[in-house]
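**Q** First the structure, then my questions, so here it is.
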Amino acid sequence: MKRTITIEEIRKTVETAYVHFREETGGKNADYIPYLKNVPSALFGITVCLTDGRSVSVGDTDYRFGIESVSKVPTALLVMNQYGANKVLERIGADATGLPFNSIMAILLENDHPSTPLVNAGAISACSMVRPTGDADAKWKAIIRFVSSLCGSDVAVIDELYRSESTTNFNNRSIAWLLKNYNRIYDDPEMSLDLYTRQCSLGVSAKQLAIMAATIANCGTNPVTWEEVFNANLTPHITSLMSTVGFYERTGDWLYNTGLPAKSGVGGGIMAVVPGVMGLAAFAPPLDGAGNSVKAQKALEYISVRLGLNLFNPVHIEVAAQEPVKEKVCQ
Ligand code: GLU
């Protein structure tokens, strides 16, 4: 069963979500990374990008904020693209830990694998896998080029954020060495940790994140630049990872309410994917107790419910095309 919606319906829904939640006062900025504490809390923006490249934006959608944990998605995709999805499953895994994203306990409990590339342990492990092995500069170039291709424009590290994270990431340092202890790090541990810290410090806008999400929705082809960024068959793998762990230990609640694969970061960004249809992104710094942006969650949940985007719903959404669309098949 299919239901067709229009870009105008999407525009109205996004604008209403913005107005509804603009005054929401819940949550507070992440403070364990000093830079994040000082980002203006009132910033708020929402972008939807369709798989034909049309987009709708409202609010502060050009502001570049710290991508943080959302960066775990592109790096997971990069290593899947370099090694194949099975190798990543074998070396890192695809199971949620049910514990906080930076849990050391989770590594001790599941010592044979770091569970999923979308928590800190698995993401550091994924950074260690990025090719070419042993060459920090070339690995970093591969990561930043890949993220830029997904976003359809250049991204760069926020230096102050990188310094802020590097001088406070003691927990992540423990994770890197614990992974080494269990033979779950595939390059130098300090280098892998530094790559992870740098990728978390990338500045992105809501517009860029929505294009990244739309590229995932469009099976690896960026709908704005038409660059083929990753292998088309990886979309179902990355969206399944996002579905199981994208909101830390609140992932079940999110999925129950929205039915959307999505990933949040402590910088206040969230991106969500409706495969074959659109990518969505929202940004607002104040977070709930689990580390998810309060406003961004509410706005995206509102949009998902209003437009009927829930993937578990038997009625699937398509957006009325303005002109013939180049279709991409996920196989
Ligand atoms: N750089 C942050 C950390 O490693 C990312 C956390 C997040 O966004 O979940 O703690």
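The values are calculated or read from the model by the stated rules, or taken from the named source; none is laboratory data. If you're wondering where the values come from, they're calculated on a predicted model, not measured in any experiment. Cβ sites come from the backbone with ideal geometry, for glycine too, and all protein chains shown count toward neighbours. Areas reflect the complete protein model, heavy atoms only, side chains present, ligands, DNA and RNA absent. Shrake-Rupley method; radii C 1.70, N 1.55, O 1.52, S 1.80 Å.
**Q** One residue is enough: does region 260-271 have a residue meeting the conditions within 25 Å of residue 92 (Cβ to Cβ) and assigned to a helix (DSSP H, G or I)? Don't jump to the end; show me each part of the working.
**A** Filtering region 260-271 down to residues within 25 Å of residue 92 (Cβ to Cβ) leaves 260-267, 269-271.
Of the ones still in play, those that are also assigned to a helix (DSSP H, G or I) are none.
Within region 260-271 (the criterion being within 25 Å of residue 92 (Cβ to Cβ) and assigned to a helix (DSSP H, G or I)), the answer is no, since none of the residues qualifies.
**Q** Somewhere in region 73-90, is a residue surrounded by fewer than 19 Cβ atoms within 10 Å (Cβ to Cβ) and either among the β-branched types (Val, Ile, Thr) or within 16 Å of the ligand (Cβ to nearest atom) (or both)?
**A** No - not one qualifying residue is present in region 73-90.
**Q** Among the numbered criteria (1) of a type outside the set (Val, Ile, Thr); (2) part of a helix (DSSP H, G or I); (3) over 14 Å from residue 193 (Cα atoms); (4) open to solvent by 60 Å² or more (accessible area, probe 1.4 Å), which one does residue 146 miss?
**A** Residue 146 satisfies every listed condition except (4).
**Q** Shifting gears a bit: With touching a helix residue (DSSP H, G or I) at 6+ places or on another chain (Cβ under 6 Å), outside any helix (DSSP H, G or I) and under 30 Å from residue 224 (Cα atoms) as the only criterion, which of 187, 154 stands out? It would help to see each step written out before you state the result.
**A** Numbers: 187 fails: under 30 Å from residue 224 (Cα atoms).
Exactly one residue qualifies, and that residue is 154.
**Q** Need a quick list: helices (runs of 4 or more DSSP H) entirely within region 1-114 having at least 2 residues that are touching an Asp or Glu at 6+ places or on another chain (Cβ under 6 Å). Let's see the steps before the verdict.
**A** Values: elements: 7-21, 34-37, 72-83, 85-91, 105-109.
Per the criteria, 34-37.
**Q** Considering only region 26-45, state which residues are within 20 Å of residue 16 (Cα to Cα) and buried (at least 16 other Cβ atoms within 10 Å of the Cβ). Before the answer, list the steps.
**A** The initial filter retains those residues of region 26-45 that are within 20 Å of residue 16 (Cα to Cα), namely 26, 42-45.
Correct list: 43, 44, 45.
**Q** Give region 228-248 a look and list any residue that's away from the ligand (no atom under 16 Å from the Cβ), open to solvent by less than 60 Å² (accessible area, probe 1.4 Å) and assigned to a loop (DSSP other than H, G, I, E, B), or say none.
**A** Hits for region 228-248 are 229, 230.
**Q** Cβ-Cβ distance below 6 Å, separation of 6 or more or different chains: which pairs start in region 2-19 with a residue that is more than 17 Å from residue 279 (Cα to Cα) and end on one that is open to solvent by 80 Å² or more (accessible area, probe 1.4 Å)?
**A** Going by the 6 Å Cβ cut-off, the qualifying pairs are 2/316.
**Q** So in region 249-267, with the set limited to residues that are within 11 Å of the chain's Cα centre (by Cα) and within 20 Å of residue 58 (Cβ to Cβ), which one is nearest to the ligand (Cβ to nearest atom)?
**A** Result: 264.
**Q** With respect to residue 55, determine if the residue is touching a residue at least 12 places away in the same chain (Cβ under 8 Å), within 16 Å of the ligand (Cβ to nearest atom) and within 16 Å of residue 213 (Cβ to Cβ). Explain how you work it out, then say what you get.
**A** Numbers: touching a residue at least 12 places away in the same chain (Cβ under 8 Å): yes; within 16 Å of the ligand (Cβ to nearest atom): no; within 16 Å of residue 213 (Cβ to Cβ): yes.
The answer is no for residue 55.
**Q** So residue 20 fits all but one of (1) buried (at least 20 other Cβ atoms within 10 Å of the Cβ); (2) closer than 17 Å to residue 300 by Cβ; what number is the exception?
**A** Among (1) buried (at least 20 other Cβ atoms within 10 Å of the Cβ); (2) closer than 17 Å to residue 300 by Cβ, residue 20 violates only (1).
**Q** Based on what the data block shows, is residue 186 among the aromatic types (Phe, Trp, Tyr), modelled with pLDDT under 95 and open to solvent by 10 Å² or more (accessible area, probe 1.4 Å)?
**A** On the way: among the aromatic types (Phe, Trp, Tyr): yes; modelled with pLDDT under 95: no; open to solvent by 10 Å² or more (accessible area, probe 1.4 Å): yes.
No.
**Q** Right, here's the next one. Could we say that residue 48 is away from the ligand (no atom under 16 Å from the Cβ) and without any contact (Cβ under 8 Å) to a residue 60 or more places away in the chain here? If you could, list the steps in order and put the result at the bottom.
**A** Numbers: away from the ligand (no atom under 16 Å from the Cβ): yes; without any contact (Cβ under 8 Å) to a residue 60 or more places away in the chain: no.
No; evaluated as a whole, the condition is false for this residue.
**Q** Kindly establish whether residue 173 is within 12 Å of the ligand (Cβ to nearest atom), out of contact with any Ser or Thr (no Cβ under 8 Å at 6 or more places or on another chain) and open to solvent by 20 Å² or more (accessible area, probe 1.4 Å). Full working, then the answer.
**A** Working: within 12 Å of the ligand (Cβ to nearest atom): yes; out of contact with any Ser or Thr (no Cβ under 8 Å at 6 or more places or on another chain): yes; open to solvent by 20 Å² or more (accessible area, probe 1.4 Å): yes.
So residue 173 passes the test.
**Q** In region 149-170, which residues are at negative phi, among the small types (Gly, Ala, Ser) and either more than 13 Å from the ligand (Cβ to nearest atom) or open to solvent by 20 Å² or more (accessible area, probe 1.4 Å) (or both)? Before you say what the answer is, go through the steps one by one.
**A** Let us first name the residues in region 149-170 that are at negative phi, namely 149-151, 153-170.
From the residues that got through so far, the ones that are among the small types (Gly, Ala, Ser) too are 149, 153, 156, 164, 166.
Residues satisfying the conditions are 149, 153, 156, 166.
**Q** Quick one: residue 225 ticks every box in (1) closer than 30 Å to residue 26 by Cβ; (2) among the hydroxyl-bearing types (Ser, Thr, Tyr); (3) in a loop (DSSP other than H, G, I, E, B) bar one, so which box is it?
**A** Unmet for residue 225, out of (1) closer than 30 Å to residue 26 by Cβ; (2) among the hydroxyl-bearing types (Ser, Thr, Tyr); (3) in a loop (DSSP other than H, G, I, E, B): (1).
**Q** Please determine whether any residue of region 200-213 is open to solvent by 40 Å² or more (accessible area, probe 1.4 Å) and within 17 Å of residue 269 (Cβ to Cβ). First the steps, then the outcome.
**A** The first filter runs over region 200-213 and keeps only residues open to solvent by 40 Å² or more (accessible area, probe 1.4 Å), leaving 207.
Filter once more, so that each one left must be within 17 Å of residue 269 (Cβ to Cβ): 207.
Scanning region 200-213 turns up at least one residue that is open to solvent by 40 Å² or more (accessible area, probe 1.4 Å) and within 17 Å of residue 269 (Cβ to Cβ).
**Q** Based on what the data block shows, is residue 251 of a type in the set (Val, Ile, Thr), more than 23 Å from residue 84 (Cα to Cα) and open to solvent by less than 50 Å² (accessible area, probe 1.4 Å)?
**A** Working: of a type in the set (Val, Ile, Thr): yes; more than 23 Å from residue 84 (Cα to Cα): yes; open to solvent by less than 50 Å² (accessible area, probe 1.4 Å): yes.
Yes: the conditions hold for residue 251.
**Q** For region 254-262, does any single residue satisfy the condition of being among the hydroxyl-bearing types (Ser, Thr, Tyr), open to solvent by 10 Å² or more (accessible area, probe 1.4 Å) and over 26 Å from residue 54 (Cα atoms)?
**A** Our first condition is that a residue be among the hydroxyl-bearing types (Ser, Thr, Tyr); within region 254-262, this holds for 256, 258.
With open to solvent by 10 Å² or more (accessible area, probe 1.4 Å) added as a condition, the list becomes 256.
Next, only the ones that are over 26 Å from residue 54 (Cα atoms) stay: 256.
Yes.
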